[in-house]
1. Just Pro94, Pro70, Pro20 to compare: in a GNM of the chain, with alpha carbon springs under 10 Å, which one fluctuates most?
2. Can you pull the three principal axis extents for the Cα set of segment 74-121, in Å, largest first?
3. Take the alpha carbon atoms of segment 138-178, find their radius of gyration, then divide it by 2.2 N^0.38 Å using N residues; give the quotient.
4. Can you give me the long-range amide H partners of His105? Hydrogens built in the peptide plane at 1.01 Å from N, cutoff under 5 Å, separation of 5 or more residues or another chain.
5. For segment 146-181 and segment 29-47, compute the distance between their C-alpha centroids and round to whole Å.
6. How big is Rg to Rh over segment 1-66, alpha-carbon atoms, Rh as the Kirkwood inverse-mean-distance radius?
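Laboratory data are not the source of any read-out in this text; all were calculated from the coordinates shown. Bear in mind that the values here come from a model prediction, so they are computed numbers and not experimental data.
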Amino acid sequence: MKLKLDLHTHIWEAFNFQAPTQDMAHKVVAQIKSSGIDGIAITDHHNKEWSYQFRDIVERLYPGEVTIIPGWEIEVRPPQNPFAEYQVAELFLPNGGGVFRTYCHPGYYSPEILIEPDIHAIEIDNYIHNWHIRKDQVAEVASEYDLMLMEVSDAHNLENIGLRYTEVELDDLYARAVPQS
């Protein structure tokens, strides 16, 4: 069954970098449901622990109602060109499902798109960063490297959650993921 998932959100930032609470969980779940999507991945910069804590609160309060995938967004500097820095969202799939990696907002910071091993998807539509995504180039790169195309909100506030989403089978994410190190 395909799920509608917004796989790039910054929930920790949306709550001004505070510790996760039940009240936050109520607000995020309400936004997910009002957006008509099935769930989100939390991909705040450099803090995967917060996303795990938040997911645990949501699962306790709303078991089986929404999907929350913990993750984070990191910078990558390819050894062959450290000036071609780019961002990757790493999603930590439940039950030891491994790590699914998406190339975030291609063309920002560097216009060069370098696809290194263990990249599984690339964003073709990002609500915040669409101004620099060259969609024809991204589609070509996705085809060449067999990458899934993602549509995401990159929400930094609650209201933007679900403005873009990708319909995907969770099994497709698991099939591409690499073991978590």
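1. Pro94
2. Taking max minus min along each principal axis of the Cα atoms, segment 74-121 gives 36, 19, 14 Å.
3. 1.40
4. For His105, the qualifying residues are Glu123.
5. Each part's Cα centre sits 10 Å from the other's.
6. For segment 1-66, the value is 0.93.
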